[in-house]
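Working notes, beginning with the structure itself.
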Amino acid sequence: MANLLITNALIVPMTAVGQPFNGYVRTRDGVITAVNQGRPQQALLVEQTIDAAGCVVMPGLINAHTHLYQVLLRAVWEDLELMPWLRRIYGCARVLTPNHFYAGSLLGCLEAIGSGVTTVCEHNFLNPSPECAFETIRAIQDSRLRAVFARTIMDDGEIVPDCTKEKPEHALRHVEALLARFKNSTQVTFMTGPNTPPINTTTELLKEVRRFADDHGIGLSAHVAESHSVVEAVRQQHGKNGVVEFLQQFGIPARNSIFAHSVHVSNDEIAILKETGTSVSHNPVSNMMLGDGVAPVVEMLRQGVNVALGTDGAASNHSQDLFDTMKAASLLQKVHHHDAGVIKPYEILRMATIGGAQALGLDALCGTIEVGKRADLILVDLDRVHNQPVNDVFSQIVHCAKANDVQTVIINGEIVLRERRFTRLDDKKILAAAKVANRDLMERVSRLSF
Ligand SMILES: [Zn+2]
């Protein structure tokens, strides 16, 4: 791993008080060792210098909720609401192989890195065999992305095929095996969780995952209140007004829990999120694609809830591009509230960086540019026609910049994309393998009935 000196940079540190400034960043052994204004007196002999003229240097983006393998399912089931769409997504478990997970996830990682993402939360929920999770993790490891692998569980539900419905005890033994197998990994950490309560989880599972997470000191990830239909299910089956209220009796909302979506939550439930320190992953493109509704992001931010940003899987997004997602998040709140000033670009950028790090329990490691943090950095070229002239750097990162303005990506001090070339991955080979996997998967899916 090279020691890096990044000069001539417009640094956007995303620290609580840090305004953008011109300066340089130094890294050593994967750690940020200096962030200063101006120019360094000299480069050290052991340093590799990157001239960032024309670029913003900012923390790598954090995708707080995705399903990487779903790039194989881009634009396959459209025009469906959540439940009929989920029936097909879950039904795929009958034909998905470990190789689909590897080939698809690696293509997803390639897209993520190429659009400036340095950390993902991979919310895993289809486990017809243990190898499916292993192969997803292997793809993440090969890509160099930092990741939280949230190995979640389904143990109930009419739309869940038997092959991926697990007994809680059995599934948690698998989570335990993952924790043991990767206990020395500095790249991948773990969560568990109920996948989509209550539509595919029993109350027994909710108790079990809470106990397991406490025993092992890990967090929980869940899809929460994504559509009206999920809230309706909790009303009918459990007599509760909302999913967050329902989950509260099992202690699921907590400081190390991340709730994806949280579209249909009441003000009282937002208060529960705040009191318990629960984070939310807002996934606006997916919510719009499935016609779910608009998450009360402004209300959550006003009440002090930590909100992160996610793409969700490409089956409902259709990309892994967080620049797209940042712009969508901003515009959606403006139009929803009929108020152009209701959310600030800085708040959106915070959600995509330190907000995500905090949600995933990684804020001591990444999410800002600060001495002592791991060097997860991206260089975004603002010296391009659609980004010039620069009048407001926060707004222009959110509203003007595009994924392929990302020139260089550094993860843990290692350059993984330089001048838009992958240094560690053979992108042509990954693409070819994903196409083969896609053809095979589509052929198998064509024989299914849903
Ligand atoms: Zn999801």
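Of note:
- Coordinate range along principal axes, alpha carbons of the range 250-344, Å, largest first: 33, 30, 20
- Protection proxy ranking, peptides 48-59, 345-356, 305-316, average beta carbon neighbours within 10 Å, highest first: 305-316, 345-356, 48-59
- The slack between Asp426 and Gln249, meaning 0.36 nm per residue of separation minus the straight C-alpha distance, is 58.9 nm.
- q = 0.15, 0.21, 0.24 Å⁻¹: log10 I(q)/I(0) that the Debye formula gives for the range 1-84, counting C-alpha atoms only: -0.65, -0.98, -1.20
- The chain: antiparallel DSSP beta bridges as a percent of all, rounded to 5: 40
- Simple point charges give the picture: +1 on the Cβ of Lys and Arg, -1 on the Cβ of Asp and Glu, and for the chain a dipole about the Cα centre of about 800 debye.
- Beta bridges from DSSP with both residues in the range 1-152: antiparallel share about 40 percent, rounded to the nearest 5.
- When each of the peptides 30-43, 94-107 is scored by how many other beta carbons lie within 10 Å of its residues on average, the order from highest to lowest is 94-107, 30-43.
- Against the rule of thumb 2.2 N^0.38 Å, how large the Cα Rg of the range 233-272 comes out: 1.11
- Which of Ala437, Asn412, Cys400, positive extreme of dipole for the range 369-450 (C-beta unit charges): Ala437
- Net length gained if the chain between His216 and Lys344 were fully extended (0.36 nm per residue, minus Cα distance): 42.3 nm
- Helix 267-276 vs. the chain, principal-axis angle (Cα, 0 to 90°, nearest 10): 70
- For the pair Glu443 and Ala53, label points projected 7 Å from Cα toward Cβ lie 5.3 nm apart.
- Cα lying deepest toward the dipole's positive end in the chain, options Leu45, Pro84, Ile369, charges on Cβ: Leu45
- Computed from point charges on the beta carbon alone (+1 for Lys and Arg, -1 for Asp and Glu), the dipole magnitude for the range 285-358 about its Cα centre is near 220 Debye.
- Between 0 and 90 degrees, the angle of helix 82-91 with respect to the longest Cα principal axis of the chain falls at about 90 degrees.
- Alpha-carbon centroid distance for the pair the range 373-436 / the range 204-257, whole angstrom: 36
- Selection from Val188, Pro284, Ile199 lying farthest towards where the dipole of the chain points positive, charges on Cβ: Val188
- Interatomic Cα distance distribution for the range 137-201, bins of 5 angstrom, percent: 4, 16, 25, 19, 15, 13, 7, 1
- Largest to smallest principal axis extent of the C-alpha atoms in the range 97-246, angstrom: 46, 31, 27
- Descending Cα extents along the principal axes, the chain, whole Å: 66, 46, 42
- With N counted as the residues of the range 324-450, its alpha-carbon radius of gyration over 2.2 N^0.38 Å works out to 1.36.
- Between helix 168-181 and the chain: long-axis angle, C-alpha atoms, 0 to 90°, nearest 10: 20
- Gln388 paired with Met1, simple spin-label distance in nm, labels 7 Å along Cα-to-beta-carbon: 3.6
- Cβ crowding within 10 Å averaged over residues, with 382-392, 203-213, 155-165, 187-197 ranked highest first: 187-197, 203-213, 155-165, 382-392
- Magnitude of the charge dipole, the range 181-272, Cβ model with Lys/Arg +1 and Asp/Glu -1, debye to 20: 320
- A full extension of the chain between Gln303 and Arg418 corresponds to an added length of 37.4 nm, given 0.36 nm per residue minus the alpha carbon distance.
Values in this text are rule-based calculations from the coordinates and carry no lab data. Note that the structure is predicted; figures quoted are calculated from it, not measured. Cβ sites come from the backbone with ideal geometry, for glycine too, and all protein chains shown count toward neighbours.
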